[in-house]
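Below is one structure; the comments refer to it alone.
Please treat every number below as a calculation from the coordinates, not as lab data. Quantities reported herein were computed from a predicted structural model and do not represent experimental measurements. So basically every Cβ, Gly included, is an ideal-geometry build from the backbone, and we count neighbours across all protein chains shown.
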Amino acid sequence: MKPKTADRLATIAFWLLGGITVGVLLFIILQIFGRGILTALNPRFLLGKPEAMKEGGGVLPMIVSTLYLTGLTLAISLPVSLGAAVFLSEYAREGRLTNAIRFCVDSLASLPSIVFGLFGMTLFVIYFGWVYSLIAGAFTCAILNLPTLMRSSEESLRSVPGTYREASLSLGATKWTTVRQVVLPSATPGILAGTMLTIGRIIGESAAIVYTAGLFVRNIPTSPMDTAAPLAGYIWYAQTEALIPDFRRVVDGGAALLLLLVLLVNFAARRIGRYYQRKKMAGGADG
Amino acid sequence: MDDQRERITEYTRKCADSFLQETRMEEPGPRMTLDNLSMSYGDFRALEDIMLEIPRERITAIIGPSGCGKSSLLRCLNRMNDIIPGCRVTGEVRLDGENIYDPGYDVIRLRRTVGMVFQKPNPFPKTVYENVAYGPRLAGVKDKGELNGVVEESLKKAALWEEVKGKLLGPAMNLSGGQQQRLCIARVLAVEPEVILLDEPCSALDPVATQRVEDLLAELKERYTMVIVTHNMQQAARVSDFTAFVMIENQGEPGEVVEFGETNHIFTNPADERTERYITGRFG
């Protein structure tokens, strides 16, 4: 084959492969939105209570469950993972301990989420007696997301130039002041980006929460001890086990809504990242 | 004619020398004294038995070929080497008679007394104002008026005020390289140090910006003791009063001070043959 022909073939092949990737995504998005977007945006569906046996149920408690669960999970996992990341990148000297920590974290990250779900059920739901509750689901999700959140935070901290740390220390700052005033603010956009990805994962998580947070509720959960039904788990439930006559409508609408939520979070992540980039350039005025 | 001129120059130099000697008599001893200072990174010995006296309110240049340990030497003076894992220092560095490597010595206080300007301008990704206010804030200054005063004064001392007074709340990263470096100097001045260490402060700057920084150093000499590491011999000759020449004999051996003395001496009439060879550009 002539080099020129080979080049042309290669070009076509790569365009094709790139096109397939975009095409698959577009196909899924269009399918889901095409089937469910009208239902998803219908106020009676969005703001209504679910029905167990009848038609016309809504998903408001599920939306609240999802948001509630996301907030609680972050409240638990963000401080822990950020603290561990600061320890690994700023305090720990490379050695056996840091290697052990990284090995554990990476192993944790490669476990399938159903394992976390069953572990959470055994420990939180049964052993601690928390039954199906938001708090049990949040702890399970927090453990599930700890590795990614920690590693992404650690990467962001490590990407802060060492010259900033040197400058701060040479001006008579302590290590902790340097971390607080210089390193963390500079790493914030990266940490936020990682957090946003995590939020997307929590919103879409089902295997870890169906046996911990709950599958079906009629009322909006208020206390962390309340049983909940996050949207992703509820879609699975409606499709496979529920006795709802119009389950197709609920599943399609729920899926469209879920996709919408995740897209919104991704969009917000980009906006927040850009905002912080600008604010960082303009200088954080926090004393 | 030429003969006469030479005699006049000779006479002027003698007068200046005796004047310098007299004024030095009145001064208390050197600001910093390095006594048998050795330093190693892990198994690698970077510096050995360094003896040096840093005179008060003068500029001391440390020159030498790349990799001779001159930056390491500088970083021993404010214990910035402490943050490098595996780095070990023995011997003494005395600041006004006190050994800064004494276990009880307050490193924070040391770094406020001995400030540092780095090779690459490294302002924080904050505003111009916040960069200068960083040190005073660390020291506990909270009053807005006082902070404003310190920021303005420091920027004026660093000859940067006129250029940035309109953009104090703009990002420091938007300044030019030379302005950033003078901002870093202002940031150090705001801490009110007594000694300022400069680690090749102009190596990332163009000639015009370099000139401005050198002018600034000449002004600051009145009030501060300065130590500048440079691989630019012209710069050492231009700005410094004293010069220390550091080199390594063979690859892998530790750096040592070959010669130390008044700059014009070192550059016109070096005592050591190795200094002469380096200065005349025959190696390094």
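The mean of 1/r over all pairs of different alpha-carbon atoms in chain B, once inverted, gives a Kirkwood hydrodynamic radius of 20.1 Å. Shown here for region A:137-181: trypsin sites (Lys or Arg not before Pro) in loop regions (DSSP other than H, G, I, E, B) with at most 15 other Cβ atoms within 10 Å, of which there are none.
Can you tell me what share of the DSSP beta bridges in region B:2-279 is antiparallel? A percent to the nearest 5 is fine. Don't skip to the answer; put the middle values down first.
Details: 24 of 42 bridges.
Among the beta bridges of region B:2-279, antiparallel pairing accounts for roughly 55 percent.
Within chain A, the longest run free of GluC sites (Glu not before Pro) that sit in a DSSP loop with at most 12 other Cβ atoms within 10 Å is A:95-240.
With the helix formula -39500 (n - 2.57) applied to DSSP H stretches of n ≥ 4, chain A reaches a computed 222 nm mean residue ellipticity of -23000 deg cm²/dmol. Choose one answer from B:169, B:34, B:155: the residue with the largest mean-square fluctuation in a GNM of chain B with alpha-carbon springs under 10 Å. Of B:169, B:34, B:155, the most mobile in the Gaussian network model is B:169. Comparing B:216, B:198, B:138 in a Gaussian network model of chain B where C-alpha atoms under 10 Å apart are linked, the largest mean-square fluctuation is found at B:138.
Got a sec? Charge dipole of the protein assembly as shown, +1 on Cβ for Lys and Arg, -1 for Asp and Glu; which of B:188, A:263, A:107 is way out at the positive end? About the Cα centre, the residue reaching furthest to the positive side is A:263. Under a GNM of chain B (C-alpha, springs under 10 Å), which listed residue has the highest mean-square fluctuation: B:44, B:245, B:260? Of B:44, B:245, B:260, the Gaussian network model singles out B:44 as fluctuating most. For a straight C-alpha distance cut-off of 19 angstrom, the aspartates and glutamates reachable from residue A:54 (same-chain residues fewer than eight places away being disregarded) are A:241, A:246, A:252.
Using only side-chain charges placed at the Cβ, +1 for Lys and Arg and -1 for Asp and Glu, the dipole size of region B:2-279 relative to its Cα centre rounds to 1280 debye. Put a dot 7 Å past the Cα of residue A:8, heading toward its Cβ, do the same for residue A:225, and the two dots end up 7.5 nm apart. Considering helices alone, the calculated mean residue ellipticity of chain B at 222 nm is -12000 deg cm²/dmol, with DSSP H runs of length four and up weighted by -39500 (n - 2.57) and normalised per residue.
Normalised by the empirical 2.2 N^0.38 Å for globular proteins, what value does the Cα Rg of region B:170-262 take? Walk me through the intermediate numbers first.
Working: Rg = 15.0 Å, N = 93, 2.2 N^0.38 = 12.3 Å.
The value comes to 1.22.
Distance between the 7 Å Cα→Cβ label points at residue A:16 and residue A:28: 2.3 nm.
Taken along its principal axes, the alpha carbon cloud of region A:60-282 reaches lengths of 69, 39, 29 Å, longest axis first.
On the principal axes of its alpha-carbon atoms, the protein assembly as shown has extents of 116, 69, 51 Å, going from largest to smallest.
Within region A:143-169, whose backbone N sits under 18 Å from a point 7 Å along Cα→Cβ of residue A:115? Counting backbone N atoms under 18 Å from the label point, the list is A:143-151.
Placing one equal scatterer on every Cα of region A:1-72 and applying the Debye formula, the log10 ratio I(q)/I(0) at q = 0.15, 0.17, 0.28 Å⁻¹ is -0.71, -0.81, -1.11. Which of the pairs B:14/B:156; B:14/B:221; B:14/B:120; B:14/B:157 have their Cα atoms more than 31 Å apart in this structure? As for pairs spanning more than 31 Å Cα to Cα, those are B:14/B:156; B:14/B:120; B:14/B:157.
Taking a point 7 Å from the Cα of residue B:203 along the Cα-to-Cβ direction, the residues of region B:88-127 with backbone N closer than 12 Å to it are B:118-121.
Projecting the Cα atoms of B:239, A:185, A:27 onto the charge dipole of the protein assembly as shown (Cβ charges, centred on the Cα centre) puts A:27 farthest toward the positive pole. Going 7 Å from the Cα of residue B:146 in the Cα-to-Cβ direction, what parts of region B:185-209 have a backbone nitrogen less than 14 Å from that spot? Under 14 Å, as judged by backbone N against the label point of residue B:146, lie B:191-192 of region B:185-209. Of A:77, B:124, B:138, whose Cα points farthest to the positive end of the dipole of the protein assembly as shown (charges on the beta-carbon: +1 Lys, Arg; -1 Asp, Glu; origin at the Cα centre)? Towards the positive end, the residue furthest out is A:77. Count Lys and Arg as plus one, Asp and Glu as minus one, and take only other residues whose Cβ is under 13 Å from that of residue A:108; the net charge is then +1. Cross-link partners of residue B:126 among aspartates and glutamates, defined as those whose alpha carbon lies under 20 angstrom from its own and excluding same-chain residues fewer than eight positions apart: A:166, A:286, B:143, B:146, B:152, B:153, B:162, B:163.
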